[in-house]
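Okay, so here's the structure we're looking at.
The values are calculated or read from the model by the stated rules, or taken from the named source; none is laboratory data. As the structure is a prediction and not an experimental result, all values here were calculated from the model. Don't worry about glycine lacking a Cβ; one is built from the backbone with ideal geometry, like all the others, and counts go over all protein chains shown.
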Amino acid sequence: MSLTPTKEGTPPVARDTATGGSASRTKRSDSKFPTKTPTPLTTRQRLSRFVDRHVLGIYVAPAVAFISLVMIFPVVFTLFLSFTEWFGSARTPPKFVGIDNFVQLFQDERFLLATGRTILLTAGAVTAQTIIGVGLAVLLHRQFVLRGLVRSIVLLPMIATPVAIALIWRLMFHPQLGILNDILTRIGFAPSDWLADPNLALLLVGVVDTWEWAPLIALITLAGLAALPEDPFEAASIDGANGWQKFWHVTLPMVRPIVVVAVVFRLIESLKTFDVIFVMTQGGPGFQTETLNIYAYNVAFQYQRLGYSAALLIVFFLLVLLISSSMMKLRRPKEK
Amino acid sequence: MRRFTVRIDSKPIAIDRTEKRMHRRKFTRGGLVATAVILTVSIFTGCAATGDASGEEVATGSFDWKRFDGEEIRFVAGLQPWQAAVEPLIPQFEQKTGIKVNMESLPEDQFRQRLQVELTAGSDDIDVFMSSVQQDGARFAQSGWYEDLKPYIENKSLTAPDYDFGDFSESVVNGHTFDGVLSALPIQLEVQMLYYRKDLLAKAGFDAPPATLDELREMAAAMTDPADGVYGWAARGKSAAAVTQLTSFLLNYGATYMTEDGKAAFDSKKGIAAIEEYGSLIRDYGPSGNTNNSWEELLALFQAGSLALWADNSGQAVAVRDAASSKYADQVGFAPMPAGPAGDAQTFFGWAAGISSSSAQKDASWLFLQWLTSPDVVGQLQDQGIAGGRQSVPFGTDVNPEFVTAFQSALSKAQPQLPQVKSVPEVRDAIGAAIVTSIQGGDAAAATKKAAEAFDQIVSTE
Amino acid sequence: MAHTAAYRVKKGLGSFGFYLLLALVLVPFVFVFYYMVTTSLKSPADLVAKDFVWVFQPTLDNYEQVFEQTDFLQFALNSMLVGLGSVLVALVLGLPAAYAIARYKAPKIALLVLSSRITPGITFLIPLFIIFSQLKWIDTYQALIIAHLLVTLPMVTWLMIGFFEDIPQEIIDSARVDGASATRTFLEVVLPLTRGGIAAASILAFIFSWNHFMFSVVLAGRMTRTLPVAVFEFMSYGQINWGAIAAAATVMTIPVVIMALFVQRNIVQGLAGGAVKG
C-alpha cells in the first residue's frame, strides 16, 4: 500500500515498496511544487490521483450505471413494447401496432376507473394518515411513562411484512370467521360484508393502508416537534393562548414543512400500493378495488397482453412522475 | 419436430451476444437503446426457437415403464378434487417407473398465475401441468406451450399396449386439439350440479330437490334462516369464478354468451334476465360476503352446515360426502341443475393435463401423463367418484348412486361452461364484473351491456 | 401560578384523559398483532367457532403444520439469501455513491437514485421479467437480487448520505492533509466512523427486501420462492387454513420486529428517503 505525502514542503518520497511500481519508474521532476508538477508516479499513484480528481464521477458511476441499467433500460424497453401487441410467446413475436394501445387505453373504461380509484385511494388514505399521524405525534410528544415502548409499538405496522398483515386483516374482515362481524353482532349491529361490500371494499383498503402508514407520518412529525424552539410557545402562553390555540396557531405552522415532506413521500408510495390490495381483494369484488398497479399486473400476467400492459405502465409512470414532481415543487419553497 | 434444431442451436449464442453488449454499453444512453433493440431483435428472431427444444432421440424398442428410471419431473397442479385424489397415488407411478415426480399444488388463483408466468417465461422447469382447455386451450396453443401428444401416443416404444387411446371419445379428442395439435388429455370431467341437504329440505316440508328455478327460489326462501346460520342458496359470487356457474342460467333463459360469429350475445333481454336472477338469488338467500365467495369458501360453508342448496361443479361431491370433514355428510343429496323458463340445459367443465413444450424431459413426462390418464388410474379415481375422460371406465360401485344418476343425466346434455374465445381470463373478468353488480343489487342491465362491450372489444383484438 | 386544588384535579383528570386516549389510540395497532398471534395458537375448532373465542387452550399444531407440510425453512433461506445479497451489493454500489453525493453536494444524482423509489415497481417488473426470461434467469437468485436492489440501493444510499454529511469536514480534511488519497480516506477514515450508520442502513434495507412481495411473485419460482409469496400461496384444498397462515405470518414477522428494534431511530429516515432525521 503506497501513501503519497502531498503536504506542502515535504519532499516526495520515492516509493518502490510493494506497489509493483518499479516498471513504471519515470523521470524525476525537479520542481519544488508537487501540487503543480507530479513527481514520478507509479501506476497506482496515478490511478489514485485520477480517482482523487474524479471522486464524484467514479464513486457514483457504479450506482448510477446500475440504476440506469435496471431503470432506464426497462423504461425504454417498455416504451418499445407499448407500440406493439405481444402475448409473451416466443412463437408469435411482437407485432407493431402504432399508437393503437394508447388509443384503446383511453377508451378502456376499466383503465379509466382504475386511474380514478388509484387517485381516490391515494388522496383519501394519505389525508387520513396525515390527520391521524399528526394527532398521534402531538400525543406522543408529551413526556410520559413507557414513552419508548409506545414508540416501538407504533413502529410495528410499517415494518411488519405487508403480506402477513394483509392476510390477518383479511381474516378479521372475514364475514363468517372474522372478529369484526363478531363484535358487530355482539353490540347489536347487523354483520357486514366488509371486503365484499361494494361501498366498503375500497374504503377498507384505505383503512389498512392508513393503519400501516399513519405511524410514519406520526414519527416524522414527532421528529419535527422535537426540533422546535421553545420561545414561541412561551410567548403564546403569556398571551393567554389555550392548548388548542397553541397547537393550531403555533405548533402546526412550525411543523408544517416537515409534515409536507412526509405527505409527499406517502403520496408517492400510496400510488403504488400493491401488496395489500393483491392479498386482500385481488382487485375485487368485480373491479371495485382495482387500482392501476393491480390492473397492470392482471393485463400483463393474467391476460398476457404485454404490449397493452406496457402502454398502461407508460401512462401510470407519467402519472406518478407528474404527481411526484409537482409535489416536489410544492415542497421546495418550504424547505430551507 | 426436428425442423427447429438449427435455430435452436443458434439461440444461446444470440443471447450471449446480447449479454456482452449489455455489459459493454451500459453506461451510455445510446447503448441502452441499442441494447433494447438487440434484445427485441433477439425476441423476434429467437422466436421460433422455443417450442420444442428437447432434441431428444425418438425412443425406439419395446415399451418399458422403467425406461427413464432415475429421471425427475415436475408436475404443477391446481388444488382440485382430482389433484387431492391423485396425489396419494403418485408413489405407485414412482415405483413402477423409477421416475421421481415433484408435484406442486397451489390454490386455483395462485396456480393459474404461477403457471402463466412460468410458461410465458419459457421456463423448462415445468414438465407436466394441469390446464383447462375451455379456459386456456386456445391461448396456450397459440403461444405454443403445449407439446403435441399425438407422436407420443403413436410411438409404440413410448406408449403401453394397454393404454387404449381409442377409449377417449372423438369429441373429447377434438376438444383438446388446436390447429392439429393434441394439446392435453382430460383428467377431470365435471358437470354443474345441485348439492342439497335432505334434512333441511324435509324440515321445510319439501320431499324433492327443485326441478325448476322457480321452485328453487321458493325452497331457498323457505330454508333461509340467518339467525340459525342457515342460508337457503349459494353459488359462486367471486367475479371470474362465477362465470362458469352462470352459464346454465343463461342457457336456461334462452340466451348464450356469443353469437355464431363471435359477438357478445349475453346482453340480450333474456341474458340480462338470467344474470339478474343469478344475482338476486344469491343476494336474497346467500351467505354474507357473497361476492368474495368462490367454491373454496362455499365448500367450507356447506361442510359446516350453513348452506341448504348449493350449485357448483361435481368435483366437490367427494368432499361434501366426506364424513371426516362434515357432520352433515350423510344428509347430502345430488341433483342436476333445475330447468329455467327456456329449457333444461346442463353444463360441463373439464380439467386436462399436458406436457410443456419447453420441458427437457418430454419422454418421461409422457410416461407420467400416460399413467395419469391410464385405465388403471382413471379406474382408481372413478372408484372414488371422480370422473375422468374415459368412456369405458364406470364409477365405482361404492359411489353414491344418486350422484351417479345426477351426473350422467346432466352430462348427457351438457354444453361447455365457458365461451369459446382465446382471451378467456379477460372475458371472464368482464362478465364477472356484471355478475358482481347483479349480486350487489346494482344496475345489472347496464353492467351487462358494459360487459358485452368489453367482450366485443377484447375479442376484436385477438 | 398557584396550584389550587381545582387545578390539581384538572391536571389529574387531564393526565387520566391522556392515558385513556393513548390507550384507545394504541388498541388498533396492538390488536392486529395480538389477533395474529392468538389465531396462530388456536385449534381448528376454536377458529371456526360461531362466536369469537377469547379464552382457549393454545396449541402449537399450526406451527407444526407450517414446518412439516411446507418447505418453510427453504423459503426462509431464500428470503435470507436474497436479502443479504441485495444488501451487500447495495452497500458496494451505494456507499461510495452516497459519500460522493454527500461530500460534493450532488443532489441531481441523489434524485436519480431516489427516482427508482418513485417509479412504480411494476414498471420494472414487466421488462425485467421479459429480459430474465430471455436469459433463462427466472427462478434464480441473481434475478431476485437485481430486482430487490431497486429497493435496497436507494434506501442504503439515502440513509448513508445523511450519515456521511454528519462527519465533520475537519476529520476528512486532516486525513487528506496527512496525504491519504480520497479512496484511502473513504475506506480507512470515513467508513469506520459510520459503522453504526452502515449497520442501520443494512438492517433496514434487509427488512424491506425481506418484506418485498411483488418481484418474487413473478420472478421467483419453485427454487427461490421467498417467504411472503410462500405464505400467500399457503393454503390447502377445501379450506383456507387460517391457523397455519397466522402461524406462518407470525414466524415471518418476528425476525423483522427484532431487527427493527435495533434500528428504531433510523427507520423513519430510511423510509422518508433521508429527508428527515429521526
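General remarks:
- Cross-chain or 6+ apart pairs with Cβ under 8 Å, segment C:204-218 first and within 25 Å of C:Ser133 (Cβ to Cβ), then acidic (Asp, Glu): C:Phe213/A:Asp275; C:Met214/A:Asp275
- Residue match in segment B:440-457 (condition: more than 10 Å from chain A (Cβ to nearest Cβ), among the aliphatic types (A, V, I, L, M) and touching a Leu at 6+ places or on another chain (Cβ under 9 Å)): no
- Filter result for C:Leu219 (more than 10 Å from chain A (Cβ to nearest Cβ), closer than 30 Å to C:Pro127 by Cα and of a type in the set (A, V, I, L, M, F, W, C)): yes
- Applying the set (1) out of contact with any Lys or Arg (no Cβ under 7 Å at 6 or more places or on another chain); (2) under 24 Å from B:Gln415 (Cβ atoms); (3) surrounded by fewer than 24 Cβ atoms within 10 Å (Cβ to Cβ) to B:Ser325 leaves exactly one unmet item: (2).
- Qualifying position, being in a helix (DSSP H, G or I), surrounded by fewer than 24 Cβ atoms within 10 Å (Cβ to Cβ) and not assigned by TED's automatic domain parsing to the domain that holds B:Trp145, among B:Gln408, B:Gln370, B:Gln382: B:Gln408
- Here A:Phe316 passes the criteria (1) within 12 Å of chain B (Cβ to nearest Cβ); (2) crowded, with 23+ Cβ neighbours inside 10 Å; (3) out of contact with any Gly (no Cβ under 9 Å at 6 or more places or on another chain) except the one numbered (1).
- Inspection of segment B:433-455 identifies at least one residue that is under 17 Å from B:Asp136 (Cα atoms), within 21 Å of the chain's Cα centre (by Cα) and assigned by TED's automatic domain parsing to the domain that holds B:Met337.
- Scan of segment B:148-176 for residues that are in contact with a Phe, Trp or Tyr (Cβ under 8 Å, 6 or more places away or on another chain) and not in a helix (DSSP H, G or I), ordered by number: B:Leu149, B:Lys156, B:Ser157, B:Leu158, B:Thr159, B:Ala160, B:Pro161
- Residue identified as more than 14 Å from chain B (Cβ to nearest Cβ) and either in contact (Cβ under 8 Å) with a residue 24 or more places away in the chain or more than 21 Å from C:Val217 (Cα to Cα) (or both) among A:Ala311, A:Ala227: A:Ala227
- Taken over segment B:103-147, the criterion of being assigned to a loop (DSSP other than H, G, I, E, B) and touching a residue at least 40 places away in the same chain (Cβ under 8 Å) is satisfied by B:Pro107, B:Gly122, B:Ser123, B:Asp124, B:Asp125, B:Ile126, B:Asp127, B:Ser132, B:Gly144, B:Trp145, B:Glu147.
- When restricted to residues that are facing chain C (nearest Cβ under 7 Å), surrounded by fewer than 20 Cβ atoms within 10 Å (Cβ to Cβ) and not hydroxyl-bearing (Ser, Thr, Tyr), segment B:108-124 contains 1.
- Of all residues in segment C:63-86 being surrounded by 24 or more Cβ atoms within 10 Å (Cβ to Cβ) and out of contact with any Leu (no Cβ under 9 Å at 6 or more places or on another chain), the one that is nearest to C:Ser216 (Cα to Cα): C:Gly83
- Residue match in segment A:80-95 (condition: touching a helix residue (DSSP H, G or I) at 6+ places or on another chain (Cβ under 9 Å), in a helix (DSSP H, G or I) and within 16 Å of A:Leu306 (Cα to Cα)): yes
- Taking first residues from segment C:80-97 that are at positive phi and partners that are assigned to a helix (DSSP H, G or I), no Cβ contact under 6 Å between residues at least 6 apart in sequence or on separate chains turns up.
- Residue, surrounded by the fewest Cβ atoms within 10 Å (Cβ to Cβ), within segment C:187-216, restricted to residues that are facing chain A (nearest Cβ under 8 Å) and part of a helix (DSSP H, G or I): C:Met214
- Qualifying residues in segment A:45-87 (those that are polar (S, T, N, Q) and within 9 Å of chain C (Cβ to nearest Cβ)) - the one surrounded by the most Cβ atoms within 10 Å (Cβ to Cβ): A:Thr78
- Any pair with Cβ under 6 angstrom, 6 or more apart, that starts in segment A:96-116 at a residue that is closer than 14 Å to A:Gly283 by Cα and ends at one that is in a loop (DSSP other than H, G, I, E, B) and of a type outside the set (A, V, I, L, M, F, W, C): A:Ala114/A:Glu290; A:Ala114/A:Thr291
- Considering residues of segment A:145-170 that are more than 7 Å from chain C (Cβ to nearest Cβ) and outside any helix (DSSP H, G or I) only, the residue surrounded by the fewest Cβ atoms within 10 Å (Cβ to Cβ): A:Val145
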